[in-house]
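Take a look at the structure below.
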Amino acid sequence: MAYTAKIGPSILSSDLSQLGRECERMMECGADYLHLDVMDGHFVPNITFGHPMVECLRRCIGPDPFFDMHMMVSRPEQWVKPMSAAGANQYTFHLEATTNPGNLIKEIRESGMKVGLAIKPGTTVEELAPWAGQIDMALVMTVEPGFGGQKFMEDMMPKVSWLRSQFPSLDIEVDGGVGPDSIHRCAEAGANMIVSGSAVVSSDDPRSVIALLKNVVIEAIQKRSLDR
Ligand code: DX5
Ligand code: ZN
């Protein structure tokens, strides 16, 4: 099986005045990558940060940690080159935010980043499917994007299951309300890249939470390969 279990803490709910330190702390606690939430106040009703912050973060944390940029912005085309120059590794844009996904995918690849494609809860997985062969990762949102700490939407799991059945080696990410209470459903459905914000960052013991999430996904992947 081509894909592996990866846990990417979302630092949205961390102490943003200490972002560099918080990212280091997550990596020290066993994170496989960092999920960085960019919000522009248009695509979602909230604002976070942009490429200047990412550039500083890269300088602070060194070349190794993988930055998955979750671009909750209205004009994703605008930030491809600046994000690449700032040190982003993957550019995950929303299908709802662009009229020309094919061109955007091409631009992201040409800039040297991996391609992630995200869908909001109201977008069907059939709308994403035509692009699945051209992307590195599909992100199925399990909350309405915009804020951390929301309730996990279990009714998004059929989207994950369908994607896993159609695209057996695609990286599939879930994001929103994912933690020890909801990880089993995500893993059984076939998600392998797990974003977890408040459940990890606000925990007294992030290392244990990350390990728990990862073990559940590893077990589900092993079970899936035995069942095949
Ligand atoms: C929501 C963001 C998520 C969020 C996850 O719009 O995309 O990445 O920070 O945080 P939790 O896990 O707390 O829902
Ligand atoms: Zn996110």
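The values are calculated or read from the model by the stated rules, or taken from the named source; none is laboratory data. On a predicted model such as this, the values are computed, not experimentally measured, just so you know. Glycine also receives a Cβ, built like all others from the backbone with ideal geometry; neighbour counts cover every protein chain displayed. Protein only, heavy atoms only, side chains kept; ligands, DNA and RNA dropped before computing areas. Shrake-Rupley method; radii C 1.70, N 1.55, O 1.52, S 1.80 Å.
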Enumerate the amide H contacts of H94 below 5 Å, restricted to partners 5 or more residues apart or on another chain; note that Pro and chain-start residues carry no placed amide H. V73, A118
Return the distance in nm (one decimal) between the two label points of a simple spin-label model at T124 and E110, each offset 7 Å from Cα along Cα→Cβ. 3.3 nm
In region 54-160, trypsin sites (Lys or Arg not before Pro) in a DSSP loop with at most 16 other beta-carbon atoms within 10 Å: K151
What nm value, rounded to one decimal, do you get for the distance between S208 and E55 when each label is placed 7 Å out toward the C-beta? 4.2 nm
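Express the carbon and sulfur contribution to the solvent-accessible surface of region 86-228 as a percent, rounded to the nearest whole number, probe 1.4 angstrom.
Working: 3020 of 6110 Å².
C and S fraction of accessible area: 49 percent.
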Calculate the length of the line joining the C-alpha centroid of region 1-62 to that of region 187-228, in whole Å. 18 Å
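Compare the peptides 61-73, 84-96 by average per-residue count of other Cβ atoms within 10 angstrom and give them in order, highest first. Present the calculation step by step, with values, prior to reporting the outcome.
Values: 61-73: 19.5, 84-96: 21.7.
Going from most to least packed, we get 84-96, 61-73.
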Principal axes first, then extents: for the Cα atoms of the chain, list largest minus smallest coordinate on each axis, whole Å, largest first. 46, 42, 30
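How many Å² of accessible area per residue for the chain, probe 1.4 Å? Don't skip to the answer; put the middle values down first.
Working: 9860 Å² over 228 residues.
Ligands and nucleic acids excluded, the result is 43 Å² per residue.
Please go through the residue pairs K114/K223; K6/K120; K6/K114; K114/K214 and name each one whose alpha carbons sit more than 24 Å apart in this structure.
Details: K114/K223 28 Å; K6/K120 21 Å; K6/K114 16 Å; K114/K214 22 Å.
Listed pairs above 24 Å: K114/K223.
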Is any residue of region 35-62 close enough, with backbone N under 17 Å, to a label point placed 7 angstrom from the Cα of D15 along the Cα-Cβ axis, and if so, which? none
